[in-house]
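The values are calculated or read from the model by the stated rules, or taken from the named source; none is laboratory data. Small disclaimer: the values here were computed from a predicted structure and weren't measured. Reconstructed Cβ throughout: ideal geometry from the backbone, glycine too, with neighbour counts over all protein chains shown.
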Amino acid sequence: MRSSAPAVRPGVFREPPAWQSFLVHVLAVADAEARKLSHDPVELLTRAVQPTLWLAVFGQVMARIRGVPTGGLGYLDFMAPGILAQSVLFIAIFYGIAAIWERDLGVLHKYLVSPASRTALVTGKALSAGIRALSQAAVVYGLALLMGIHVRVTLPSVAAVLVLVVLGSALFSMLSLIIACLVKTRERFMGIGQVLTMPLFFASNALYPLNLMPTWLRVLSVVNPLTYEVDALRALMVRGGVSLFGVGTDVGILLAWTVFLILAAARLYPRIVV
C-alpha cells in the first residue's frame with residue numbers, strides 16, 4: 001500500500017511553521033534573560049525587603065486603626081494581594097534599564113541582528129520578567145502564612161495567582177521597555193520610573209477600596225491596569241475575597257494591555273540603538 005504522505009527529497013530542508021519559530025525564539029530569549037537571576041541570588045533577598053516592610057509595619061499599624069472598610073476582610077487580608085501586585089510593579093517598572101545596559105554593552109545589537117522577529121524578542125523579555133517576578137509571590141505567600149493572613153493555598157488558586165503575577169509583570173515590564181526606547185539614557189529612565197511607580201500604586205485599590213477615592217482618582221484607577229491585577233488577586237488569593245469587576249474581566253483587560261504594549265514595544269525596540 002502506498003503512503004499518502006508527500007515525499008520529501010533527501011537534502012531538502014523544510015522550514016518550521018512560523019508559529020513554531022516564533023515560540024522557539026520567545027523561549028530562547030526568555031531563558032537567556034531568566035538565567036541572569038541565577039548569577040545574582042542576593043537579588044532575591046533584597047526583593048523581600050519591600051513587601052516585608054509594607055506588610056509587617058504599614059499593614060500592622062493600619063490593621064489596628066480599623067478605619068478602612070474592607071468588606072468583611074481583615075485589613076492584612078485585604079492588603080496582601082495589593083502588596084504582591086505592588087512588588088511586581090516596582091520590579092517590572094525598572095526592567096527597561098536592562099535594555100539600556102544591553103545597548104551600552106553591545107548585547108542589544110546581537111539581539112537585533114538575530115533571525116528572531118522584534119515581536120518575539122520583546123515577548124521573550126516580557127515572559128522572562130514574569131518568570132523573575134515569581135519570587136515575589138513566594139515571598140508574599142511566606143510572609144502571609146507567618147502573619148496569619150488567610151490566603152488560599154489550594155493548587156488551583158496558587159496556580160491562578162502565579163499566572164496573574166507573570167501577566168502583570170509582563171505588562172509593566174513592556175511599559176518600562178517602551179520608556180527605555182524613548183528616553184534612551186539611564187538617568188532619564190530612572191527619573192521617569194520613580195515618577196510612575198507611586199501614582200500607579202496609589203491610584204489603585206491596593207491599599208483601600210475604590211469607593212473611598214474622590215471621583216477624579218476613581219476615574220484614574222479605572223484606566224490603571226494595576227487596579228485589575230489587584231482585583232483579580234484579591235478574589236483568588238485570599239479566603240473571602242471577591243472581585244469587584246469579575247476575574248474574567250480583570251484578566252481580559254490585563255491581556256489587552258499586555259498585547260498592546262508588546263506590539264508598541266516591538267515597534268519601538270530598534271530605536272533604542274539610534
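Quick one: would you say Leu182 is of a type in the set (A, V, I, L, M), surrounded by fewer than 19 Cβ atoms within 10 Å (Cβ to Cβ), touching a residue at least 24 places away in the same chain (Cβ under 8 Å) and in a helix (DSSP H, G or I)? Show your work before the answer.
Details: of a type in the set (A, V, I, L, M): yes; surrounded by fewer than 19 Cβ atoms within 10 Å (Cβ to Cβ): yes; touching a residue at least 24 places away in the same chain (Cβ under 8 Å): yes; in a helix (DSSP H, G or I): yes.
It is true that Leu182 is of a type in the set (A, V, I, L, M), surrounded by fewer than 19 Cβ atoms within 10 Å (Cβ to Cβ), touching a residue at least 24 places away in the same chain (Cβ under 8 Å) and in a helix (DSSP H, G or I).
Pull up the stretch 222-231, narrow it to residues that are touching a residue at least 12 places away in the same chain (Cβ under 8 Å) and of a type in the set (A, V, I, L, M, F, W, C), then point me to the one that is farthest from Ala80 (Cα to Cα).
Within the stretch 222-231, the subset touching a residue at least 12 places away in the same chain (Cβ under 8 Å) is 224-231.
Checking the rest, the ones that are also of a type in the set (A, V, I, L, M, F, W, C) come to 226, 230.
On the way: Leu226: 14, Val230: 9 Å.
Among those that are touching a residue at least 12 places away in the same chain (Cβ under 8 Å) and of a type in the set (A, V, I, L, M, F, W, C), it is Leu226.
Here is a check on your reading of the model: is Ile83 closer than 24 Å to Val259 by Cα and under 23 Å from the mean Cα position of the chain (by Cα)?
Working: closer than 24 Å to Val259 by Cα: no; under 23 Å from the mean Cα position of the chain (by Cα): yes.
So Ile83 does not fit the description; no.
Tell me which of these Phe201 doesn't satisfy, since it passes every other one: (1) within 24 Å of Val153 (Cα to Cα); (2) part of a helix (DSSP H, G or I).
(1)
Results for (1) under 15 Å from the mean Cα position of the chain (by Cα); (2) assigned to a helix (DSSP H, G or I); (3) free of Cβ contacts under 8 Å to residues at least 12 places away in the same chain, shown as yes or no for each residue.
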| position | (1), (2), (3) |
| --- | --- |
| Leu171 | yes, yes, no |
| Tyr208 | no, no, no |
| Leu220 | no, yes, no |
| Leu233 | yes, yes, no |
| Leu236 | no, yes, no |
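When you scan the stretch 1-78 for helices (runs of 4 or more DSSP H) that lie fully inside it, which ones turn up with 3 or more residues that are modelled with pLDDT of 75 or more and under 20 Å from the mean Cα position of the chain (by Cα)?
Details: elements: 18-35, 42-47, 49-53, 60-65.
Passing ranges, in order: 18-35, 49-53.
Only one of Thr123, Thr154 is hydroxyl-bearing (Ser, Thr, Tyr), under 19 Å from Leu255 (Cα atoms) and at pLDDT 85 or above. Can you tell me which?
Numbers: Thr154 fails: under 19 Å from Leu255 (Cα atoms).
Being hydroxyl-bearing (Ser, Thr, Tyr), under 19 Å from Leu255 (Cα atoms) and at pLDDT 85 or above holds for just one of Thr123, Thr154, which is Thr123.
Specify which of the listed residues (Val113, Val140) is under 17 Å from Phe201 (Cβ atoms) and either crowded, with 17+ Cβ neighbours inside 10 Å or of a type outside the set (Gly, Ala, Ser) (or both). Spell out the reasoning first.
Numbers: Val113 fails: under 17 Å from Phe201 (Cβ atoms).
Result of the check over Val113, Val140: Val140.
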